[in-house]
Amino acid sequence: MTESVAKTTDTGVQTAPLTRVSGRPWKSLKKPTNRTMMAKSLRRSHEQRMQKDRDQKSLKLMEKELRDEKEAEKTALRNRIVERRKKFQEKVQREAFEAKMSERKRMRMKRKELRQRAHAKH
């Protein structure tokens, strides 16, 4: 188990521990990254790192656009289904209402509806 050692000054005040380990044996020492000490094959320039970051951001943006597009398609499909059900329900109600009407009244309403449609077109 790695222990963090604290220094004691002349006045008896303890300073911060020397290591940044939490005291748990499975945790490794945390060291600051010094890029100049890395192997040449592992080093990447600032421009390369920024390019990778830009690529990841563009990928995330593209994924978000695809998700939004898919969600829009689902919403449109839901709206079409609701509209279709609504029209069907209106048709059923109209047929039930017309079944109760007399023949003459039905003909009068049909002519009135045709006149309204003709006026609506102009």
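Within the stretch 22-44, take every residue that is modelled with pLDDT under 75 and among the polar types (S, T, N, Q) and give me the one that is most open to solvent (accessible area, probe 1.4 Å).
Thr33
Can you tell me which residues in the stretch 80-122 are outside any helix (DSSP H, G or I) and open to solvent by less than 100 Å² (accessible area, probe 1.4 Å)?
Taking the stretch 80-122 first, the residues outside any helix (DSSP H, G or I) are 101-102, 122.
Selection gives Met101, Ser102.
Please go through the stretch 72-107 and give me each residue that is charged (D, E, K, R) and at pLDDT 90 or above, ordered by number.
Start the filter on the stretch 72-107 by keeping residues that are charged (D, E, K, R), which leaves 73-74, 78, 80, 83-87, 90-91, 94-95, 98, 100, 103-106.
Glu73, Lys74, Arg78, Arg80, Glu83, Arg84, Arg85, Lys86, Lys87, Glu90, Lys91, listed by residue number.
The values are calculated or read from the model by the stated rules, or taken from the named source; none is laboratory data. For clarity, every value in this text was computed on a predicted model and none was experimentally measured. SASA here: full protein model, heavy atoms, side chains in, ligands and nucleic acids out. Shrake-Rupley method; radii C 1.70, N 1.55, O 1.52, S 1.80 Å.
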